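Notes for the one structure printed next.
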Amino acid sequence: MVKQENKILSAGLILTLLAALIIAVPPVTGKSEADPHPELTEQEMLMDCAECHKEATPEVEKEWFDSVHGIAMVKCYQCHGTFETFRLTPTKQDCATCHTNMLDKCPQEKPCWECHVPHSFKNKK
């Protein structure tokens, strides 16, 4: 009887520890699609995303700024949508807007960023 109670207590302790780990450890992927963007005024919604992201995510803004897309002045909304339609991860159809000929050559089962570094779109080595 005591052995069975110890097994139950051990199982309960393990489950509690696992639950605590899941809650305490942030996701490795960072910000998810479901994470809300901070509240913006109507005026702020009209600003170019890069203006705020220079401070909020400087590494991402710099990667874009130094890339072929940045040099060509491709704006964030062209891939990620406007504030009202924003998506963290663009779809292949978003890429097809400018790169239809390239998508015909790519594996259909992979998103573009599996082979290319996001924002700079250099080939991954």
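The values are calculated or read from the model by the stated rules, or taken from the named source; none is laboratory data. Predicted, not measured: the structure shown is a model, and the values here were computed from it. A quick note on method: Cβ atoms are made from the backbone with ideal geometry, for glycine too, and the neighbour counts reach across all protein chains shown.
Taking region 37-59, which residues are aliphatic (A, V, I, L, M) and assigned to a helix (DSSP H, G or I)?
Going residue by residue through region 37-59, those that are aliphatic (A, V, I, L, M) are 40, 45-47, 50, 56.
Residues satisfying the conditions are Met45, Ala50, Ala56.
Taking the criterion of being at pLDDT 85 or above and closer than 30 Å to Thr41 by Cβ, would at least one residue in region 103-122 satisfy it?
Scanning region 103-122, I find no residue that is at pLDDT 85 or above and closer than 30 Å to Thr41 by Cβ, so the answer is no.
Here is a yes/no grid of residues against (1) in a helix (DSSP H, G or I); (2) touching a His at 6+ places or on another chain (Cβ under 6 Å); (3) touching a residue at least 40 places away in the same chain (Cβ under 8 Å):
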site: Glu61; (1), (2), (3): yes, yes, no
site: His69; (1), (2), (3): yes, no, yes
site: Thr82; (1), (2), (3): no, no, no
site: Thr85; (1), (2), (3): no, no, no
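For region 61-102, name all the residues that are out of contact with any Cys (no Cβ under 9 Å at 6 or more places or on another chain), within 27 Å of Glu42 (Cβ to Cβ) and aliphatic (A, V, I, L, M).
Those that are out of contact with any Cys (no Cβ under 9 Å at 6 or more places or on another chain), within 27 Å of Glu42 (Cβ to Cβ) and aliphatic (A, V, I, L, M): Met73, Leu88.
Can you give me the number of residues within region 40-82 that are hydroxyl-bearing (Ser, Thr, Tyr), loosely packed, with under 14 Cβ neighbours inside 10 Å and over 24 Å from Gln93 (Cβ atoms)?
The total comes to 1.
Conditions (1) closer than 13 Å to Ser120 by Cα; (2) modelled with pLDDT under 90; (3) not hydroxyl-bearing (Ser, Thr, Tyr), marked per residue:
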| site | (1), (2), (3) |
| --- | --- |
| Leu46 | no, yes, yes |
| Cys49 | no, yes, yes |
| Lys54 | no, no, yes |
| Thr57 | no, yes, no |
| Val60 | yes, yes, yes |
| Val68 | yes, yes, yes |
| Thr82 | no, yes, no |
| Thr85 | no, yes, no |
| Thr89 | no, yes, no |
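Inside region 40-68, can you point out the residues that are of a type in the set (Gly, Ala, Ser) and over 17 Å from Thr82 (Cα atoms)?
Ala56, Ser67
Within region 71-80, which residues are assigned to a loop (DSSP other than H, G, I, E, B) and in contact (Cβ under 8 Å) with a residue 12 or more places away in the chain? Walk me through how you get there before you give the answer.
Here is the first cut: in region 71-80, the ones assigned to a loop (DSSP other than H, G, I, E, B) are 72-75.
Within region 71-80, Val74, Lys75 qualify.
Which ones in region 87-110 are of a type in the set (Lys, Arg) and either assigned to a helix (DSSP H, G or I) or under 15 Å from the mean Cα position of the chain (by Cα) (or both)?
The first filter runs over region 87-110 and keeps only residues of a type in the set (Lys, Arg), leaving 87, 92, 105, 110.
Result: Arg87, Lys92.
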